[in-house]
Amino acid sequence: MYLPVGDAAIAYRRYVEMLRGYNKPMILSEFGSSSLRGAQVPDDQLGSEANHSAVIRDAYATFAEVPELTGYCPWCLVDVRVPIHWRWYNKGKGVFRYGFLDENWEKKTVYDTLKACIAQLKAHFEAKV
């Protein structure tokens, strides 16, 4: 199930609240969305670069507010060709489009979003030291 952009922050906080009692550091891995570079999809829909960027911005903004999260690893760097996942709608390409780079290693819009979010998060934590 995909949450609308904006609701992900609520989900992250609830997840951390649930695990807070164990008093252990947490690493959040394999979060994100999917997008097709250059797709003509409305900005608020899954598959659009704008939506992918919004999901990443939302996640990283939340991470700054949750001290228990000590590490983050979005999924994934590059779109992955997966021939076994052939479907009529992907025309035999079978590509998982969760990356910040497409399958040809071309940057998607979300790449620059991620870079900016990491810089902001770094500045946030350096200011606390």
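The values are calculated or read from the model by the stated rules, or taken from the named source; none is laboratory data. Predicted, not measured: the structure shown is a model, and the values here were computed from it. We place every Cβ from the backbone using ideal geometry, glycine too, and count neighbours over all the protein chains shown.
Only one of the listed residues (Ala54, Ala61) is at pLDDT 85 or above and either assigned to a strand (DSSP E or B) or over 10 Å from the mean Cα position of the chain (by Cα) (or both). That residue is Ala61.
Determine whether the range 88-110 contains at least one residue that is surrounded by fewer than 17 Cβ atoms within 10 Å (Cβ to Cβ), of a type in the set (S, T, N, Q) and over 23 Å from Asp7 (Cβ atoms). Yes, some residue in the range 88-110 is surrounded by fewer than 17 Cβ atoms within 10 Å (Cβ to Cβ), of a type in the set (S, T, N, Q) and over 23 Å from Asp7 (Cβ atoms).
Only one of the numbered conditions (1) loosely packed, with under 12 Cβ neighbours inside 10 Å; (2) of a type in the set (Asp, Glu); (3) in contact with a strand residue (DSSP E or B) (Cβ under 6 Å, 6 or more places away or on another chain) is violated by Glu49, and that is (1). Give the range 11-39 a look and list any residue that's part of a helix (DSSP H, G or I) and over 24 Å from Phe100 (Cβ atoms), or say none. Passing the criteria: Arg13, Arg14, Val16, Glu17, Met18, Leu19, Arg20.
Restricting attention to the range 66-74, does a residue exist that is touching a helix residue (DSSP H, G or I) at 6+ places or on another chain (Cβ under 8 Å), in a helix (DSSP H, G or I) and either crowded, with 16+ Cβ neighbours inside 10 Å or among the aromatic types (Phe, Trp, Tyr) (or both)? No: zero hits.
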